[in-house]
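Chemist: Encoded as structure tokens, here's the structure I'll be asking about.
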Amino acid sequence: MYMDRAICGNFYYNGKFDYLEVIVSNGKIADIRKDAGNIPKTRYDGAILPASTDIHVHFRTPGETEKEDFGSGSLSAIYGGTTYVLDMPNNRFPITDYNAFSDKLGVIDSTSYADFSLYSMETGKNAFLIDRRSIGLKVYLGGSTNSTGTEAITDDDIRTINEKRYPVVFHGESEKCLKAHRFEEKNLRDHNLARPVECEIEAAKYVSGLDIKTKIMAHITSPDVNGNFLREVTPHHLLLNDEMPLGAVGKVNPPLRDSGTQRRLLDDYINGKFDILSSDHAPHTEDDKREFEFAKSGIIGVETRVPLFLALVQKKVMPLDVLYKTAIENPPSIFGIKKGKIEIGYDADFMVIDFTSMKRIDDNRLHSKFPVSPFNGMDAVFPAYVIMRGNVVIDRYEDISDPTGIFIPKPQNE
């Protein structure tokens, strides 16, 4: 059997670092050995982890590419150690049927630096129109960018969702609750009060009662939001709060909470109470973020998501295994994709980390079209090398690859 080559070094394997020689063939892990024998080898210094998956990005293609496109968004992803992204369907013209899905896929074409999948939007009664290649469905229970609130999902749609085994991601804010609290907002504190935690709690109760196999409650902002679903959390809700002087840059749905809630949320994350760490990367133009009252909601974060938490691992604030589970292993596994593990048959996607190379996030060095980050100035550990399907795409902190990302449809062999 022909083997391409071996990637050698200290891999994070079975919960600890161990010297391994991982044989790669046709972009996949073909074998895992202590000594790969007489084949070409590349040895890396530092810590080698499987590359990350981000299940929650908004790359704005098609319709709003003045804010971001798949090229700039996916380039940002690989710089942050993320080789697989799942893009949300709330485009300017939402992805609610087969035609819209096909059009979006055609526009993206061969522009992505990272492997990618696409969601479709579930409006409550359109599941029969969804393209079967959709990796999952997104439901907006509360209105947000390019979407209105969906109050309920019909029984017919629930049957279709279960028959086709779609994972469903919920934007968990109750539209009725949001309407009851709406008022003119001038700052982050106002935004918090206008979209309070109780709106998430109401949505969580509804989602908990749905008879859907795989349910994900997106971007949870409080430890009090619990239920019968997988729990997703974002770096901005874990590390930022409404008392920070961020202005419209920090405006996001659901909002940043007060510092006490934020600290409790971070404690829960560190203690392993979340399933997924996603960026909810949602870029806007400078004009979109100029005046708070009218500013669009959304924060960039696909490039900084993993590096921020690698820095916390280096500082011994949290264990590596929590980051590994929530940002690397769990996300692709939930969607049935063979990434995120050092295991035969899985994609050979890795990131090489020098934990001693701590840097401060600098907006001027980020790769989004409008790189204004609320994390500017915070400590981060960026990957020195990133490998996707056996090929080096980041070499000594710089990209060396053309866009080679491939579209990954929902597995149909379940």
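Chemist: Identify, from the list Thr42, Thr61, Thr96, the residue that is among the β-branched types (Val, Ile, Thr), over 28 Å from Lys410 (Cβ atoms) and either in contact (Cβ under 8 Å) with a residue 40 or more places away in the chain or surrounded by fewer than 22 Cβ atoms within 10 Å (Cβ to Cβ) (or both).
Modeler: Values: Thr61 fails: over 28 Å from Lys410 (Cβ atoms); Thr96 fails: over 28 Å from Lys410 (Cβ atoms).
After ruling out the rest, the residue left standing is Thr42.
Chemist: Another question, then. Quick one: is Phe183 part of a loop (DSSP other than H, G, I, E, B) and aromatic (Phe, Trp, Tyr)?
Modeler: Criteria met by Phe183.
Chemist: Looking at (1) within 13 Å of the chain's Cα centre (by Cα); (2) part of a helix (DSSP H, G or I); (3) more than 30 Å from Leu20 (Cα to Cα), which is the one condition that is false for Phe128?
Modeler: Among (1) within 13 Å of the chain's Cα centre (by Cα); (2) part of a helix (DSSP H, G or I); (3) more than 30 Å from Leu20 (Cα to Cα), the lone unmet condition for Phe128 is (1).
Chemist: Failed condition for Gly27, given (1) closer than 30 Å to Ser373 by Cβ; (2) under 23 Å from the mean Cα position of the chain (by Cα), with all others met?
Modeler: (1)
Chemist: From the list Asp156, Asp190, which one is surrounded by fewer than 22 Cβ atoms within 10 Å (Cβ to Cβ), over 22 Å from the mean Cα position of the chain (by Cα), of a type in the set (Asp, Glu) and at pLDDT below 95?
Modeler: On the way: Asp190 fails: at pLDDT below 95.
It is Asp156.
Chemist: Give the residues of segment 198-214 that are touching a Lys or Arg at 6+ places or on another chain (Cβ under 7 Å) and in contact (Cβ under 8 Å) with a residue 60 or more places away in the chain, sorted by residue number.
Modeler: Just the residues of segment 198-214 that are touching a Lys or Arg at 6+ places or on another chain (Cβ under 7 Å), to begin with: 207, 213.
Answer for segment 198-214, where residues must be touching a Lys or Arg at 6+ places or on another chain (Cβ under 7 Å) and in contact (Cβ under 8 Å) with a residue 60 or more places away in the chain: just Val207.
Chemist: Scan segment 24-33 and give yes if some residue there is at pLDDT below 95 and among the acidic types (Asp, Glu), otherwise no.
Modeler: Applying the first criterion (at pLDDT below 95) to segment 24-33 yields none.
Among the residues of segment 24-33, not one is at pLDDT below 95 and among the acidic types (Asp, Glu), which makes the answer no.
Chemist: Can you tell me which residue within segment 331-341, out of those that are in a helix (DSSP H, G or I) and touching a Phe, Trp or Tyr at 6+ places or on another chain (Cβ under 9 Å), is nearest to Gly272 (Cα to Cα)? Explain how you work it out, then say what you get.
Modeler: Our first condition is that a residue be in a helix (DSSP H, G or I); within segment 331-341, this holds for 331-334.
Those left that are additionally touching a Phe, Trp or Tyr at 6+ places or on another chain (Cβ under 9 Å): 331-332.
On the way: Pro331: 15, Pro332: 18 Å.
Only one residue fits best here, namely Pro331.
Chemist: Can Pro245 be described as part of a loop (DSSP other than H, G, I, E, B) and either in contact (Cβ under 8 Å) with a residue 12 or more places away in the chain or under 16 Å from the mean Cα position of the chain (by Cα) (or both)?
Modeler: Answer is no for this residue.
The values are calculated or read from the model by the stated rules, or taken from the named source; none is laboratory data. Model, not experiment: these values are computed from the prediction. All Cβ positions, glycine included, derive from the backbone under ideal geometry; neighbour counts span all protein chains shown.
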